[in-house]
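**Student:** Have a look at this one.
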Amino acid sequence: MVASDSFAEFLRERLAPLGRVTMRRMFGKTGVFCDGVMIGMVRDNTLYFRVDDDNRAVFSEAESFPPLNYEKKGGTIDLAFWRAPERLFDDPDELVAWARAALAAARRVAEKRERTAPRRRSKPQL
């Protein structure tokens, strides 16, 4: 289920120090974007932040919660988003610190995708 309007507004306000925070519904969830890069997802008003190999240690506390995933062909697909601990919502500075780490991870993921994406060739002009 997607983020409620009130939870989405709460996140936009709390994460504003990062930059332009926007939300977009996708695949039955809500994507959380900062300056066009997806830093998190919301399912059932629960925030999940982007993780990668470089920020897993920062998010070690979140390992105790199940990551955001889905079932496909009898297997579980991990989406590399970990649940933000509830205590962060009472500490705006720490929430922003976690969000900065997620933003850095999201930028690394985006950069890696750009480097590995096949280059498109233009069609010859007649």
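The values are calculated or read from the model by the stated rules, or taken from the named source; none is laboratory data. Every value quoted in this text rests on a predicted model; they were computed, and no experiment measured them. Using ideal geometry, Cβ is built from the backbone for each residue, glycine included, and neighbour counts are taken over all protein chains shown. For accessibility, only protein heavy atoms count, side chains too; no ligands or nucleic acids. Shrake-Rupley method; radii C 1.70, N 1.55, O 1.52, S 1.80 Å.
**Student:** For region 20-34, enumerate the residues that are closer than 19 Å to Ala110 by Cα, without any contact (Cβ under 8 Å) to a residue 60 or more places away in the chain and surrounded by 12 or more Cβ atoms within 10 Å (Cβ to Cβ).
**Tutor:** Result: Val21, Thr22, Met23, Thr30, Gly31, Val32, Phe33.
**Student:** Among residues belonging to region 84-114 that are at pLDDT 90 or above and open to solvent by 100 Å² or more (accessible area, probe 1.4 Å), point out the one that is farthest from Arg50 (Cα to Cα).
**Tutor:** Ranking the candidates gives Asp90 first.
**Student:** Regarding region 5-16, can at least one residue be identified that is touching a Leu at 6+ places or on another chain (Cβ under 9 Å) and surrounded by fewer than 17 Cβ atoms within 10 Å (Cβ to Cβ)?
**Tutor:** no
**Student:** Within region 1-36, can you find the residues that are more than 16 Å from Arg50 (Cα to Cα) and in a loop (DSSP other than H, G, I, E, B)?
**Tutor:** Residues satisfying the conditions are Met1, Val2, Ala3, Ser4, Gly19, Arg20, Phe27, Gly28.
**Student:** Ok, one more. If I go through region 36-47 residue by residue, how many of them are open to solvent by 20 Å² or more (accessible area, probe 1.4 Å) and either under 11 Å from the mean Cα position of the chain (by Cα) or under 12 Å from Arg100 (Cβ atoms) (or both)?
**Tutor:** 2
**Student:** So the check is Cβ under 8 Å with 6+ separation or different chains; which pairs have a first residue in region 85-97 that's within 20 Å of Ala57 (Cα to Cα) and a second one that's in a loop (DSSP other than H, G, I, E, B)?
**Tutor:** Pro85/Phe65; Leu95/Ala84
**Student:** For the list (1) outside any loop (DSSP other than H, G, I, E, B); (2) modelled with pLDDT under 95; (3) surrounded by 12 or more Cβ atoms within 10 Å (Cβ to Cβ); (4) in contact with a strand residue (DSSP E or B) (Cβ under 8 Å, 6 or more places away or on another chain), I need the number of the one condition that Glu61 fails.
**Tutor:** Answer for Glu61: the failing condition is (4).
**Student:** Name the residues in region 48-58 that are open to solvent by less than 70 Å² (accessible area, probe 1.4 Å) and among the acidic types (Asp, Glu), would you?
**Tutor:** Asp52
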